[in-house]
Amino acid sequence: MSAYKVRSGPVAKAIAVVADVAALVIGLWILMYLLDANPGNDLVGLVRDLSRWLAGWSHDLFTFDEEWARVVCGYGLAAVVYLFIGHLVASRVRRL
């Protein structure tokens, strides 16, 4: 057994879960876009709207000629940032 006790506070877990859910929603939108999901479907519309809100700062950041490349890079960047920053903040909170 280790001499150090690993603390996993509820606040740190909540921060990590929120970051994971945000990245999951954005990743789901990327997948739905690439698979040409029905835009008239309520679930697709909800995921699209949530993703656009979460990635509002990055969804038109790149200007590739192909639309799919803009979606993958713009939204993918937001998902990676949410994961990285969320887990970094969670690890800092866990140390407090």
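The values are calculated or read from the model by the stated rules, or taken from the named source; none is laboratory data. Keep in mind the model is a prediction, meaning the values are calculated, not measured. These area figures cover heavy atoms from the full protein model, side chains too; ligands, DNA and RNA do not enter into them. Shrake-Rupley method; radii C 1.70, N 1.55, O 1.52, S 1.80 Å.
Kindly provide log₁₀ I(q)/I(0) values, in the same order as q = 0.10, 0.12, 0.13, 0.21 Å⁻¹, from the Debye equation applied to equal alpha-carbon scatterers of the chain.
Calculated log10 I(q)/I(0) at the listed q: -0.35, -0.46, -0.52, -0.98.
Connecting C-alpha atoms closer than 10 Å in a GNM of the chain, tell me which of Val25, Val11, Val72 has the biggest fluctuation.
The residue that fluctuates most here is Val11.
In the chain, what percent of the accessible surface is made up of carbon and sulfur (1.4 Å probe, ligands and nucleic acids excluded)?
Details: 4630 of 6810 Å².
Carbon and sulfur atoms account for 68 percent of the accessible area of the chain.
Roughly how tilted is helix 10-34, in degrees to the nearest 10 and between 0 and 90, from the longest Cα axis of the chain?
That works out to roughly 20 degrees.
Please list 3J(HN,Hα) in residue order for region 43-55, calculated via the Karplus relation 6.51 cos²θ - 1.76 cosθ + 1.60 where θ = phi - 60°; whole Hz, with x for glycine and proline.
Whole-Hz 3J(HN,Hα) from phi for region 43-55: 5, 4, x, 5, 5, 4, 5, 5, 5, 5, 5, 5, 10.
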